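All remarks here apply to the structure that follows.
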Amino acid sequence: MNAFVAHLSYDFKTGIRDKSLMLMNYLFPIGFFLMIGAFMPRINPEFLQIMVPGMILFAIMSGTLLTIPFTIIGNREAGILRSFRVNGVPAGALVTIPIVAAVVHMAVASVILTVGSSTLYEAVIPTNWGWFTSVFMLAALCFATFAVLIGIVAQSSRSGTLVAQAIYVPSIMLGGLMVPEELLPEGLLAAASLLPATHAMRAFNGLAFSAEGLTAAAALPLAVLTASILVNLLLCLVLFRWDTQPLSRFRLVVAATAVAPFAVSVALV
Amino acid sequence: MNGQVRKATGECSSHALEVSDLRKTYGDTVAVDGLSFTVPRGTIFGLLGPNGAGKTTALECIEGLRQPDGGTISVMGIDPVSHPRRLWNAIGVQLQTSGLPETMTPREAVRFFSRYHGKQPSYGVIDRFGLSAKADTQYGALSVGQKRRLALALAVAHEPRLLFLDEPTAGLDVESRMELHAMMQELRQAGDTIVLATHDMAEAEKLCDLIAIIIAGKLAVVGTPAQITAAGDRRSRITVSSSAGALFGGRAGSRQAVPAGAQAETHSDAERAAGAHGAGVQAGESEPGGADLPDAVLTAVRDGYLHYHSENPARTVAALLRILEEENDELLDLRVERPSLEERFIEITRRNGK
């Protein structure tokens, strides 16, 4: 077992051992799913069309944005990252391993949510499982890389919370998770396009729950999510820091380029 | 490393660590200012200094965590700046502010770090450092002493020959401290070299073969604990108590008995007068309440004890024993002590304006 596998194995186990991580990875999204599934279809029967991707994205956002940044910030503040550094742990491992571990946790949670949605609430299930899996992977990677980037850039848990919530809350309201995008007021559509959740929902709906296959309209969200993952990963590796010394203003501006793929998509649409 | 920093040379040296003209600044603040010292292999080398003296910065440069602005560092023949990964496999480090994730167990930590050092996990260190019963307990549930022992175990798990320990016993109870001291001595006996940064002077005096005192980023003094203490105030402290108090009263034989536990009114003044530099009040000159002894300065009278500073302790002790003999008094307690490292440290830091 090499160092990467040993590290990944530990990181994955932490997601279950640590009560707060366990809560955000599994209990919170599954509890929310059970609650929302009990009344939402009665209010809006169309919700069953988007229940599977909506609940999966909710789980992905909770298991990434609400956990990963705080683990990184806490480890940095407690000197754990420095301890890792003098023992030869590379920055690349500290960037990639939380992402891989989060994707694995989210995959488990997504299986539970997909099976639960169809069996408990008779939600619409994907028509194309290949695209369903691919879009899930892209969405999970996109949010996980965003979460790691927030952990690297944020100076404290407080500022990390603000940035994470600035993505999390609007994504739930405008991302098409609860209400189909078509029902949003036109003025909010551009704002919604700045959110990764919106693109993930478009990709799910256009590819995994549609018989049309890969159209130009469906390819755009895939491209945006892919570009976002690559930009985020690059930023994480460039901006990674081992200690609490604040990032320079220039580096903060560089970090802000993470929104570029979404801003470009707004311009294109 | 920038152009000013020369590359370290020499793989095989009798020194585990060689630091020459090390410099590090943060903006306008000079943290380390031309620091030079060497650490012989197989020794415990103490790095002392007041807060903000530059110890931690110097150590971080040596450990490859910070880039120096100038100077040469050779750690087991390795340049920390150009070969940090090679360095981290060759040394063991216990940082002042470091920890492990709360959910990591000692067994996992040994596996985790050993893999990154490219070694097979050596779980024997868990037993060796008395943690076998806690091998599968999460880090967050370990006591402070157990955490410190684990930190030391992890620092040696990949079998480095040079260890850097930054205040390893801070915040520990006496028993845990003694345990860690024994472990460090064991490592030295096995031929390992330890660089120990500490604020605990007694610890440094007890463990270190060599000590360097850093003040304002510069090396103030380096030597063995005995050499450092001997280089300062040469007077010995003599503390004496007798049953009938023959030595009290300002001159020999006055027999003003002071019962044990009582405090003479004059002691605080005398102590203040003596101060750290031992200005002292000559016994008999201002009647502080003690016998006039040759080559000695009375510094305090407290709790039935007379405290002297003596330039010639043999002559002073002989004289006081003679007085007791002549006065038919019984000696209850007599202590002759050289100045401690702590006193010498205070003397050096005051002299350097800290």
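None of the figures in this text is laboratory data; all of them are computed from the coordinates on show. Everything quoted here is computed from the prediction, not taken from an experiment. Heads up, the Cβs are rebuilt from the backbone with ideal geometry, glycines too, and the neighbour counts pull from every protein chain shown.
Counting only other chains, what is the mean number of Cβ atoms within 10 angstrom of the Cβ of each residue in peptide A:75-86?
What the average comes to for A:75-86 is 6.
Could you list, in their original order, any pairs among B:Lys147/B:Lys218; B:Lys24/B:Lys55; A:Lys13/B:Lys147; B:Lys55/B:Lys119; A:Lys13/B:Lys134 whose Cα atoms are separated by more than 23 Å?
Where the Cα-Cα span goes over 23 Å, the pairs concerned are B:Lys147/B:Lys218; B:Lys55/B:Lys119.
Report the Cα-based extents of region A:158-269 along its three principal axes, largest first, to the nearest Å.
For region A:158-269, the Cα extents along the three principal axes come out at 50, 25, 23 Å.
Quick check on region B:9-161: take the gyration tensor over C-alpha atoms, sort the square-rooted eigenvalues as a ≥ b ≥ c, and tell me if it's rounded (a/c under 1.5), prolate or oblate.
It comes out prolate by the Cα gyration axes.
Mind checking the angle between helix A:157-174 and chain A's longest principal axis? C-alpha axes, 0 to 90 degrees, to the nearest 10.
Roughly 10 degrees between the two axes.
Show me the ranking of peptides B:159-170, B:78-89 by mean Cβ neighbours inside 10 Å, starting with the highest.
Answer by packing, highest mean first, reads B:159-170, B:78-89.
Between A:Val108 and A:Ile43, how many nm apart are label points set 7 Å from Cα along the C-beta direction?
3.1 nm
Calculate the length of the line joining the C-alpha centroid of region B:193-248 to that of region A:159-235, in whole Å.
For region B:193-248 versus region A:159-235, the Cα centre distance is 68 Å.
Please report the equivalent ellipsoid semi-axes of region A:104-165, computed as sqrt(5 x eigenvalue) of the Cα gyration tensor, largest first, in whole Å.
So the three semi-axes of region A:104-165 are 31, 14, 9 Å.
When averaged across all projection directions, what area in nm² does the alpha-carbon convex hull of region A:66-195 cover?
Numbers: hull surface 39.5 nm².
If you wrap the Cα atoms of region A:66-195 in a convex hull and average its projections, you get 9.9 nm².
Using the Cα gyration tensor of region B:120-206, with a ≥ b ≥ c the square roots of its eigenvalues, what is the shape: rounded (a/c below 1.5), prolate (a/b larger than b/c) or oblate (neither)?
Note, shape of region B:120-206 comes out oblate.
Whole Å is fine, so just give me how far the alpha carbon centre of region B:112-156 lies from that of region B:326-352.
42 Å
For the residues B:Val144, A:Val259, A:Val52, what sequence is obtained by ranking on other C-beta atoms within 10 Å, fewest first? Don't skip to the answer; put the middle values down first.
Working: B:Val144 12, A:Val259 17, A:Val52 25.
Neighbour counts put them in this order, fewest first: B:Val144, A:Val259, A:Val52.
For B:Lys206, go through the aspartates and glutamates and keep the ones whose alpha-carbon is under 16 Å away, minus same-chain ones fewer than eight residues off.
Result set, ordered by chain and number: B:Glu167, B:Glu175, B:Glu179, B:Glu186, B:Glu337, B:Glu342, B:Glu343.
Output the relative contact order of region A:120-254, whole-number percent, from Cα pairs under 8 angstrom with separation of 6+ residues. Could you put the intermediate results ahead of the total?
Values: 132 pairs, mean separation 49.3, N = 135.
Relative contact order here is 37 percent.
Along region B:71-79, what does the Karplus equation 6.51 cos²θ - 1.76 cosθ + 1.60 (θ = phi - 60°) give for ³J(HN,Hα), rounded to whole Hz, x for Gly and Pro?
These are the phi-based 3J(HN,Hα) values: x, 10, 10, 10, 10, 6, x, 10, 7 Hz.
Test of understanding: express the Cα radius of gyration of region A:2-268 as a ratio to 2.2 N^0.38 Å, with N the residue count. Mind dumping the intermediate values first?
On the way: Rg = 18.2 Å, N = 267, 2.2 N^0.38 = 18.4 Å.
Ratio of Rg to 2.2 N^0.38 Å for region A:2-268: 0.99.
Taking only Cα atoms, what is the 0 to 90° angle, nearest 10, from helix A:28-43's long axis to the longest principal axis of chain A?
Helix A:28-43 sits roughly 20 degrees off the main axis of chain A.
What are the radius of gyration and Dmax of region B:45-120, computed over its Cα atoms and given in Å?
Final numbers for Rg and Dmax: 14.5, 41 Å.
Can you tell me the orientation of helix A:68-77 relative to chain A, as the angle in degrees between its alpha-carbon axis and the longest Cα principal axis, to the nearest 10?
Taking Cα atoms only, the helix is inclined about 10 degrees.
In peptide B:100-107, what is the residue-averaged number of other protein chain Cβ atoms found within 10 Å of each Cβ?
5
Output ³J(HN,Hα) for region A:258-269: one whole-Hz value per residue in order, computed from phi by the Karplus curve 6.51 cos²θ - 1.76 cosθ + 1.60 with θ = phi - 60°, and x for Gly and Pro.
4, 7, 4, x, 6, 5, 5, 5, 4, 5, 5, 7
Along the three principal axes, how long is the protein assembly as shown when you take its alpha carbons, biggest first, rounded to the nearest angstrom?
Sorted from largest, the Cα extents of the protein assembly as shown read 116, 55, 47 Å.
Mean residue ellipticity at 222 nm from the helices of the protein assembly as shown, using -39,500 (n - 2.57) per DSSP H segment of n ≥ 4 over the full residue count, to the nearest 500 deg cm²/dmol? All intermediate terms of the calculation are to be shown ahead of the outcome.
On the way: 25 runs with 307 residues, N = 623.
It lands at -15500 deg cm²/dmol.
How large is the charge dipole for the protein assembly as shown, taken about the Cα centre, if only the Cβ atoms of Lys, Arg (+1) and Asp, Glu (-1) carry charge, to the nearest 20 debye?
Its charge dipole is roughly 1640 debye.
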